[in-house]
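The values are calculated or read from the model by the stated rules, or taken from the named source; none is laboratory data. It should be emphasised that the depicted structure is a prediction, and the values quoted were computed from it without experimental measurement. Glycine gets a Cβ as well: all are built from the backbone with ideal geometry, and neighbour counts include every protein chain shown.
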Amino acid sequence: MSGYVDPSREQFEAFKALPRDTPIHMLNLIKYRDVADYPAGHPNHGKGLSGQEAYREYGRAIAPILARVGAQRQWGGGKLECVVTGREGEWDDAFVMGYPNSAAFLEMVTDPEYRQHVAHRTAAVADSRLIRFGG
């Protein structure tokens with residue numbers, strides 16, 4: 001499966017071109033890898049963690065950064081019960097993050113400490129969508 005994990009340069013430039021001083025919400029749709037794909041040399045390489053376990057590690061690692069930039073989970077999944085519209089099994093997780101503004105999101109993703117923890121997300125995710133909504 002060839003999925004989306006990171007934005008393209010064009011998508012990121014479009015995000016940055018939008019207003020940076022108003023609250024935003026980011027819808028996250030995640031499909032986990034069966035087994036996390038950590039690069040050789042990473043401490044978790046070869047440990048057999050599931051994608052979901054690796055994503056949980058990502059969440060734990062970035063929690064202080066999220067708090068520092070003022071981001072919080074606004075809505076978070078729960079147990080997926082059934083797909084009403086769409087393909088069954090397309091997503092394993094869905095949640096909405098709120099940010100005080102897009103400048104806070106940009107501060108987070110460019111923070112050197114955050115960048116150290118992205119390996120967990122990259123190892124965990126087979127496919128994803130990250131969709132920005134205003135207010």
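Just a few scattered comments:
- Scan of region 104-129 for residues that are more than 27 Å from G78 (Cβ to Cβ), crowded, with 16+ Cβ neighbours inside 10 Å and touching a residue at least 40 places away in the same chain (Cβ under 8 Å), ordered by number: L106, A119
- Residues in region 15-30 that are within 26 Å of A124 (Cα to Cα) and among the hydrophobic types (A, V, I, L, M, F, W, C): F15, I24, M26, L27, L29, I30.
- For K79, the conditions (1) surrounded by fewer than 14 Cβ atoms within 10 Å (Cβ to Cβ); (2) out of contact with any strand residue (DSSP E or B) (no Cβ under 9 Å at 6 or more places or on another chain); (3) at pLDDT 95 or above are fulfilled apart from (3).
- So P43, is it under 22 Å from T110 (Cα atoms) and not small (G, A, S): no
- Residue list for region 1-14, filter: surrounded by 11 or more Cβ atoms within 10 Å (Cβ to Cβ), out of contact with any Ser or Thr (no Cβ under 7 Å at 6 or more places or on another chain) and of a type outside the set (G, A, S): D6, P7, Q11, F12
- Candidates R68, R56, filtered to the one that is under 24 Å from R115 (Cβ atoms) and within 14 Å of the chain's Cα centre (by Cα): R56
- Count of residues meeting criterion [of a type in the set (S, T, N, Q) and in contact (Cβ under 8 Å) with a residue 40 or more places away in the chain] in region 58-95: 1
- Residue check, D111 in contact with a strand residue (DSSP E or B) (Cβ under 7 Å, 6 or more places away or on another chain) and among the acidic types (D, E): no
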